[in-house]
1. Return the residue satisfying two criteria in turn: it lies in the range 38-62 and is surrounded by 11 or more Cβ atoms within 10 Å (Cβ to Cβ) and aliphatic (A, V, I, L, M), and of such residues it is nearest to residue 75 (Cα to Cα).
2. Which residues, taken from the range 74-107, are over 30 Å from residue 24 (Cβ atoms), of a type outside the set (S, T, N, Q) and loosely packed, with under 11 Cβ neighbours inside 10 Å?
3. Within the range 18-36, how many residues turn out to be in contact (Cβ under 8 Å) with a residue 24 or more places away in the chain and closer than 25 Å to residue 83 by Cβ?
4. What number of residues in the range 14-26 are farther than 23 Å from residue 103 by Cβ and surrounded by 12 or more Cβ atoms within 10 Å (Cβ to Cβ)?
5. Testing residue 29 on (1) closer than 29 Å to residue 101 by Cβ; (2) among the hydrophobic types (A, V, I, L, M, F, W, C); (3) modelled with pLDDT under 95, one condition comes back false. Which one is that?
6. Any residue in the range 60-75 that's over 15 Å from residue 50 (Cα atoms): show its pairings with residues that are surrounded by fewer than 10 Cβ atoms within 10 Å (Cβ to Cβ) at Cβ separation under 6 Å, as long as the two are six or more apart or on different chains.
7. Could you say which residue among 59, 19 is of a type outside the set (A, V, I, L, M, F, W, C), over 19 Å from the mean Cα position of the chain (by Cα), at pLDDT below 95 and in a helix (DSSP H, G or I)?
Amino acid sequence: FSFQLMGTLIPVDAAIDLNRAIDCAEMAIKGTAAAALIVVPSYRSARKCMDFKAAKTANLDGNDILKLAYDFFIKLSGSSKCIINLANDFNKILVPYVAKINDLKCV
């Protein structure tokens, strides 16, 4: 059903399809949750693929974590094979959700 907003300041053709908006939000949340489940395994796979060794692994503060992430992504950017593997991991998980979002014409 549609919820139509009509008034003196709102155009008559302004409408929000609440059911579709809810379906779109649901797909976005499910896709995000599915991606979150593979972040750690994908990180481990990428780390192994590029033989990444962290300079510091204990007692990390905020700056250490940022440095670790920076070093990881710098090394990852130099390995197209590892980037492709990582992208494929997320692609396999996200394609069904993106397809549904497209089918629903959410964007």
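1. Restricting to residues being surrounded by 11 or more Cβ atoms within 10 Å (Cβ to Cβ) and aliphatic (A, V, I, L, M), the top hit is 50.
2. 74, 78, 81
3. 4
4. Total satisfying the criteria: 0.
5. Result: residue 29 passes all but (3).
6. Nothing qualifies.
7. From the options 59, 19, the qualifying one is 19.
The values are calculated or read from the model by the stated rules, or taken from the named source; none is laboratory data. Since the model is a prediction, treat every value here as computed from it, not as a measurement. Don't worry about glycine lacking a Cβ; one is built from the backbone with ideal geometry, like all the others, and counts go over all protein chains shown.
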